[in-house]
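What follows draws every value from the coordinates through simple rules; no lab data is involved. Fair warning: this is a prediction, and the values are worked out from it, not measured in the lab. Here Cβ is always computed from backbone atoms with ideal geometry, including for glycine, and neighbour counts include all displayed protein chains.
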Amino acid sequence: MADFVKMSKSEYGISVLLFCEDDKPFKIGEEMYAANENAYMNGYNWEAFFQYYLEKNAPEILEGLESDPEAGMYAAHYELTEENEEKAKRFVEIIIALFENEEELYRIVREEGDQIEWD
């Protein structure tokens, strides 16, 4: 798994964490901002981006998802169930796939950025 995204499980639930200030997300965030000045990619704007992206591409991931972003981290939480653990794993896979295909991130903020409810 990439070191900038992590899934953790505890007795309280399942979390998906994206560390916005790690090298790769930070660099990609700078490029996203260059493509769209509303896309200042802190945790709050990653929340806005993922909300938009998942609604269009994987709405089932949003079921039961609660976000808790901060300036340097995007955090999403699910209740602890097997179904939610699968959703969290899929969400992590989606994040990694987007970061491995960063041109898609840039395309989305260029072409669809005005549809995203940025922070």
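Can you tell me which residues in the range 87-97 are touching a residue at least 24 places away in the same chain (Cβ under 8 Å) and surrounded by fewer than 17 Cβ atoms within 10 Å (Cβ to Cβ)?
Hits for the range 87-97 are Lys89, Arg90, Ile96.
Can you name the residue in the range 2-15 that is more than 19 Å from Gly43 (Cβ to Cβ) and either in contact with a Cys (Cβ under 9 Å, 6 or more places away or on another chain) or not hydroxyl-bearing (Ser, Thr, Tyr) (or both) and is also surrounded by the fewest Cβ atoms within 10 Å (Cβ to Cβ) among such residues?
My answer is Glu11.
Which ones in the range 91-104 are over 12 Å from the mean Cα position of the chain (by Cα) and part of a helix (DSSP H, G or I)?
Within the range 91-104, Glu100, Glu102, Glu103, Glu104 qualify.
When the residues of the range 105-119 are filtered to those that are in contact with a helix residue (DSSP H, G or I) (Cβ under 6 Å, 6 or more places away or on another chain) and outside any loop (DSSP other than H, G, I, E, B), which remaining residue is farthest from Asp3 (Cα to Cα)?
Arg110
Residue under question is Asn42, and the condition is that it be surrounded by 13 or more Cβ atoms within 10 Å (Cβ to Cβ), touching a helix residue (DSSP H, G or I) at 6+ places or on another chain (Cβ under 9 Å) and more than 29 Å from Tyr12 (Cα to Cα); does it hold?
No: the conditions fail for Asn42.
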